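Below: one structure, written as structure tokens.
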Amino acid sequence: MNVEWFVVLSAMIFAIGAAGVLTRRSPLVILLCLELMLNAGNLALIAFSRMWGNGDGQVFALIVMVVAACEVVIGLGIIVAMYRRRLKIDVDSVSELRG
Amino acid sequence: MFFEQLLFFIAGIAALGGAFGVVTLRNQFYSVLSLIAHLLGLAVLFLLLTAEFLAAAQVVVYAGAVMVLYLFVVAYIGGADEPLRPESGLLRVLGPVVALVLFLELSIAVLGSSLNGLGSRGPDVGPGFGSPAQIGELLLNRFLLPFEAASFLLLVAAVGAVVMARKRRGLEEPEAAAVTLGDPMAGKPGIGARGEGKAY
């Protein structure tokens, strides 16, 4: 399989994730869509790593997975805190900090 | 060669279908399950790119651990209560359009670039490419600083999650605290967050 197929597939997944972040309102689903975008980045990194025959891209992908795990933990912590404070689980209603 | 292409299309369709499911399904529980399907498809694609260690990490860490965390939180906050009323009109139309434009732009950027390697399968790599041994060697030699930074980031995230998700007595609304004090049932030990909710 040529590398370009993988890269175009990764662009597709990234676009789907971006559409999800723009249209969904539940913070949990927005986190899932962020995961989609990070995974698309991972796929592109690994495809380019294969293209150069060099393992560096795979290390980058591993670091991206670590960052994604941290982001999930913090995001889910915020959602649980919202639930505890009886706030509506909706990104549109949590707008106190809007300028 | 034919088998490889077949596997690519099956895994690619699984990954794309999972991604569509995450965005379009109403029930958050199904969204998470759909993301698991997406991750498994992606792991097969990683294997096709000879990234064995990352494929294994994807299945074990992502599909195994992170998604279980998601499922716990979905079960905790009560899952399927995203309202069915139409989401704010403009974004609902604009979102897919932006995504389509983004995809076209990325594709043009990739396919229009003059990288010769894109049209090839990449150079022949030895059997050790993408193995845990190679990744570990890279992490401990060339990428030692990012490796340590990642471990520190994980520590900070773990502490931050504990701080954010714990119960905070001092930060409750004043009137809510008063109602809680006035209700003899609400203050009893052993009644969790759900019980406190009745005080409102």
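The values are calculated or read from the model by the stated rules, or taken from the named source; none is laboratory data. Remember, it's a predicted structure, so these values are computed and weren't measured experimentally. With ideal geometry, Cβ positions are generated from the backbone for all residues, glycine too; neighbour counts draw on all protein chains shown. For the accessible areas, the whole protein counts, side chains as well, though only heavy atoms, and no ligand, DNA or RNA atoms are used. Shrake-Rupley method; radii C 1.70, N 1.55, O 1.52, S 1.80 Å.
With springs only between Cα atoms under 10 Å, which of A:Gly41, A:Gly75, A:Gly53 fluctuates most in a Gaussian network model of chain A?
A:Gly53
About the Cα centre of chain A, what is the dipole size in debye to 20, counting +1 per Lys and Arg Cβ and -1 per Asp and Glu Cβ, all else neutral?
Rounded to the nearest 20 debye, it is 460 debye.
Using the alpha-carbon atoms, what tilt in degrees (0 to 90, nearest 10) does helix A:27-52 show relative to the longest principal axis of chain A?
The angle comes out near 10 degrees.
Using the Cβ atoms and a cut-off under 13 Å, what net charge is assigned to the surroundings of A:Met65, where Lys and Arg are +1 and Asp and Glu are -1?
Spelling it out: positives minus negatives among the neighbours equals -2.
With Cβ to Cβ distances under 12 Å as the rule, what net charge do the other residues near B:Gln134 carry (K, R +1; D, E -1)?
Surrounding charge for B:Gln134 is -2.
Per residue of B:30-42, count partner chain C-beta atoms within 10 Å of its C-beta, then hand back the mean as an integer.
3
Checking buried surface per residue: for the stretch A:17-41, which residues lose a minimum of 40 Å² accessible area in the protein assembly relative to the chain alone (1.4 Å probe)?
Relative to the lone chain, where solvent access is computed with a 1.4 Å probe, the stretch A:17-41 loses at least 40 Å² at A:Leu22, A:Thr23, A:Arg24, A:Arg25, A:Leu28, A:Leu32, A:Glu35, A:Leu36, A:Asn39.
If a/c stays under 1.5 just call it rounded; otherwise compare a/b with b/c (prolate if a/b is bigger, oblate if not). Do that for the stretch B:11-136, with a ≥ b ≥ c from the square roots of the Cα gyration tensor eigenvalues.
Oblate.
Tabulate in residue order the Karplus-calculated ³J(HN,Hα) for the stretch B:19-33, using 6.51 cos²θ - 1.76 cosθ + 1.60 with θ = phi - 60°, rounded to whole Hz; enter x for Gly and Pro.
5, 4, x, 4, 7, 9, 5, 6, 6, 5, 4, 5, 4, 5, 4
How large is the accessible surface of A:Asp56 in square angstrom, using a 1.4 angstrom probe and rounding to the nearest 10?
Using a 1.4 Å probe on the heavy atoms, I get roughly 20 Å².
Using only protein heavy atoms and a 1.4 angstrom probe, determine the accessible area buried between A and B, summed over both sides, in Å² to the nearest 100.
7500
Among A:Ser95, A:Val7, A:Gly55, pick out the residue whose Cα is farthest towards the positive end of the charge dipole of chain A, where Lys and Arg carry +1 and Asp and Glu carry -1 on C-beta, about the Cα centre.
Ranked along the dipole, the leading option is A:Ser95.
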